[in-house]
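Below is one structure, written out as structure tokens, with a few remarks after it.
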Amino acid sequence: MKEIEVHHMKAKIELTRIDNRLVHGQVGMTWGSTLNIDTIVVVDDLTAASGFAQKLMQSVATAASRQIRFYTVADFIRVFNENTSHQKLFVVVQSPHEARLLVEAGIELKRVNVGNMHYEKGRVAFNRKVYLTRQDIDDMNYMLAQGTEVFYQDVPGSAVEKIGELDYETMKRRR
């Protein structure tokens with residue numbers, strides 16, 4: 001008698017977005033409907049500990065008719081690896097570093113969308129909405145080397161700008 005293979009279905013990450021504002025109207029409404037996802041997952045240590053931040057993002061998700069969950073990086077890695085649901089997830093992180101930690105933990109991120117990353121001292125311009133630190137660039141280059149597609153797109157339907165390997169020093173000189 002042949003053994004029957006049991007395949008545990010896992011939740012699927014449809015897209016990971018880097019956005020320093022995490023979940024705001026644009027993220028909840030436009031990306032949520034375009035991606036046809038069930039759940040927005042915020043993977044951010046500070047937000048996971050802040051009821052106030054969660055309430056604001058919860059209202060956006062509710063308006064977009066989406067579930068929303070909040071995890072620290074470590075908790076998400078554990079929960080995702082144990083997950084047997086069929087959910088389609090939209091993972092939102094604040095910086096490339098959280099996304100890199102997920103990839104390092106063996107979670108496959110096929111596509112990482114770079115959204116807003118505001119200017120601060122020490123950041124170099126990728127374009128007028130994305131300013132990167134040396135660490136951001138290292139993290140993005142790491143993900144690219146693992147086969148992750150990294151791209152800039154402000155909102156669904158706007159131009160997609162593929163991101164290849166970046167060099168902080170070269171970008172700094174371009175200013």
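Please go through the stretch 120-132 and give me each residue that is within 18 Å of the chain's Cα centre (by Cα) and either outside any strand (DSSP E or B) or basic (Lys, Arg) (or both), ordered by number.
Lys129
If you go through the stretch 107-123 one residue at a time, do you hit one that is touching a residue at least 40 places away in the same chain (Cβ under 8 Å), open to solvent by 70 Å² or more (accessible area, probe 1.4 Å) and closer than 25 Å to Glu169 by Cα?
yes
Strands (runs of 3 or more DSSP E) wholly in the stretch 1-119 with at least 3 residues that are under 16 Å from the mean Cα position of the chain (by Cα), of a type outside the set (Phe, Trp, Tyr) and closer than 23 Å to Asp136 by Cβ - which ones?
The strands (runs of 3 or more DSSP E) meeting that bar are 12-18, 39-43, 88-93, 111-114.
Is it true that Glu165 is over 14 Å from the mean Cα position of the chain (by Cα), of a type in the set (Asp, Glu), within 26 Å of Thr39 (Cα to Cα) and open to solvent by 60 Å² or more (accessible area, probe 1.4 Å)?
Considered against the rule, which asks whether it is over 14 Å from the mean Cα position of the chain (by Cα), of a type in the set (Asp, Glu), within 26 Å of Thr39 (Cα to Cα) and open to solvent by 60 Å² or more (accessible area, probe 1.4 Å), Glu165 comes out as no.
Among the residues of the stretch 134-161, write down those that are at pLDDT 95 or above and assigned to a strand (DSSP E or B).
Glu149, Val150, Phe151, Tyr152, listed by residue number.
Mind counting the residues in the stretch 6-56 that are of a type in the set (S, T, N, Q) and loosely packed, with under 15 Cβ neighbours inside 10 Å?
Result for the stretch 6-56: 5.
Go through Leu89, Leu46, Leu22, Leu102 for me and flag whichever is at positive phi and of a type in the set (A, V, I, L, M, F, W, C).
Leu22
The values are calculated or read from the model by the stated rules, or taken from the named source; none is laboratory data. The shown structure was predicted, so the numbers you read here are calculated from the model rather than taken from an experiment. Don't worry about glycine lacking a Cβ; one is built from the backbone with ideal geometry, like all the others, and counts go over all protein chains shown. Side chains included, ligands, DNA and RNA excluded: accessible areas come from the protein's heavy atoms. Shrake-Rupley method; radii C 1.70, N 1.55, O 1.52, S 1.80 Å.
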